[in-house]
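So the structure is just underneath, and the comments pick up after that.
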Amino acid sequence: MNIGIIGTGAVGSPLARNLAAAGHNVKVTNTRPFAELTEKAQSLGASPATLEDVVKDVDIVFISVPFGAIPKFPQDLFRSLPDHVIVADTGNYYPFRDEKIDALEQGQVESVWVAQQLGRPITKAFNNLLSETIAAGGKPEGTPGRIALSIAGDDERAKQVIAGLANELGFDVVDAGSLADSWRQQPGTPAYCTELTAAELTAALDGAVPGKAPQIRDEIIGELAQRTSMPTREEMVAGNRARQLGKFLR
Ligand SMILES: NC(=O)c1ccc[n+]([C@@H]2O[C@H](COP(=O)([O-])OP(=O)(O)OC[C@H]3O[C@@H](n4cnc5c(N)ncnc54)[C@H](OP(=O)(O)O)[C@@H]3O)[C@@H](O)[C@H]2O)c1
């Protein structure tokens, strides 16, 4: 498959590396000078591309940038893509990082806002695994306890294609419903970066309570800000489970 990835940070890099290792043609872009981007791309087994080129001649584009960058993309970057190109959003809204976005503060579903900014349907996926989980948490299909991610969107074909890629990267998949339903996998919900199996994730999505997640998200960020060292993946997941699962799961 031909895959474009916008962003080579904590999430874009392991996505690119693992998709390339699985045999896909991956091109990536970021904000760096082209020589620096080229070096980064090569380290991932991918090709470097400009922002305009990374979305061309691909089957799927992953957007893996902070939310603040999305309204600044060129107006026709996504609007001009052929319908068959799948656009996948790995993003999450963090007001401390992205600055406040009024529509999201008022409760608009994050990826619905992203789709509006891009002027195009999108599918939400890979937002509810930690970058370290994407990088190293994959297991062969059928492994007991295999971690699942959820995919939300209105295009069944797109969800199936992304589910196939997720499986190749080592993850089970749960269908989280429409894009409007994707609030159930946003930061602060039980389904968010808690490393659950497919059955557990299904229950976690079902157990999300409307309107509660932003407060939990901000409490977790407040606690992280007080730390003097970065938590490990295990500490992050344990903290998320304690805060998110305990409050929300029925
Ligand atoms: N970190 C996680 O564990 C995690 C897990 C799941 C989802 N997410 C979400 O995924 C998204 C990306 O997160 P991240 O942690 O990967 O962020 P990150 O480490 O800060 O990386 C962001 C990447 O986006 C690139 N970028 C920013 N603006 C751009 C633009 N206008 N054009 C092209 N590239 C641009 C940056 O380029 P430069 O390299 O040139 O700076 C960087 O490579 C966020 O919404 C985040 O909430 C994160």
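Residue pairs whose Cβ atoms lie under 8 Å apart, separated by 6 or more positions or on different chains, with the first residue in region 92-104 and at negative phi and the second surrounded by 14 or more Cβ atoms within 10 Å (Cβ to Cβ) and basic (Lys, Arg), are TYR94/ARG217.
Cβ separations smaller than 6 Å between residues 6+ apart or across chains give no pair from region 122-147 residues that are assigned to a loop (DSSP other than H, G, I, E, B) and of a type in the set (Gly, Ala, Ser) to residues that are surrounded by 17 or more Cβ atoms within 10 Å (Cβ to Cβ) and at pLDDT below 95. Select, from LYS124, LYS72, the only residue that is of a type in the set (Lys, Arg), within 12 Å of the ligand (Cβ to nearest atom) and within 14 Å of the chain's Cα centre (by Cα). None of the other options fit; the residue is LYS124. Listed by position, the strands (runs of 3 or more DSSP E) contained in region 1-92 that have at least 3 residues being of a type in the set (A, V, I, L, M, F, W, C) are 2-6, 60-63, 86-89.
List, please: which pairs have Cβ atoms under 6 Å, are six or more places apart or on different chains, and start with a residue in region 172-188 that is free of Cβ contacts under 8 Å to residues at least 60 places away in the same chain and in a strand (DSSP E or B) and end with one that is hydroxyl-bearing (Ser, Thr, Tyr) and surrounded by fewer than 24 Cβ atoms within 10 Å (Cβ to Cβ)? Sorted first by the residue in region 172-188, then by its partner, the pairs are VAL174/THR202.
Among the residues of region 86-121, those identified as under 18 Å from the mean Cα position of the chain (by Cα) and among the charged types (D, E, K, R) are ASP89, ARG97, ASP98, GLU110, ARG120.
Looking at VAL61, is it touching a Gly at 6+ places or on another chain (Cβ under 6 Å), modelled with pLDDT of 95 or more and either within 30 Å of GLU105 (Cα to Cα) or of a type in the set (Asp, Glu) (or both)? Considered against the rule, which asks whether it is touching a Gly at 6+ places or on another chain (Cβ under 6 Å), modelled with pLDDT of 95 or more and either within 30 Å of GLU105 (Cα to Cα) or of a type in the set (Asp, Glu) (or both), VAL61 comes out as yes. Restricting region 204-233 to residues that are over 20 Å from the mean Cα position of the chain (by Cα) and not in a loop (DSSP other than H, G, I, E, B), the residue that is nearest to SER150 (Cα to Cα) is GLY207. Here THR50 clears all of (1) within 9 Å of the ligand (Cβ to nearest atom); (2) exposed (fewer than 15 other Cβ atoms within 10 Å of the Cβ) except the condition numbered (1).
The values are calculated or read from the model by the stated rules, or taken from the named source; none is laboratory data. It should be emphasised that the depicted structure is a prediction, and the values quoted were computed from it without experimental measurement. Every residue, glycine among them, receives a Cβ derived from its backbone with ideal geometry; neighbour counts consider all protein chains shown.
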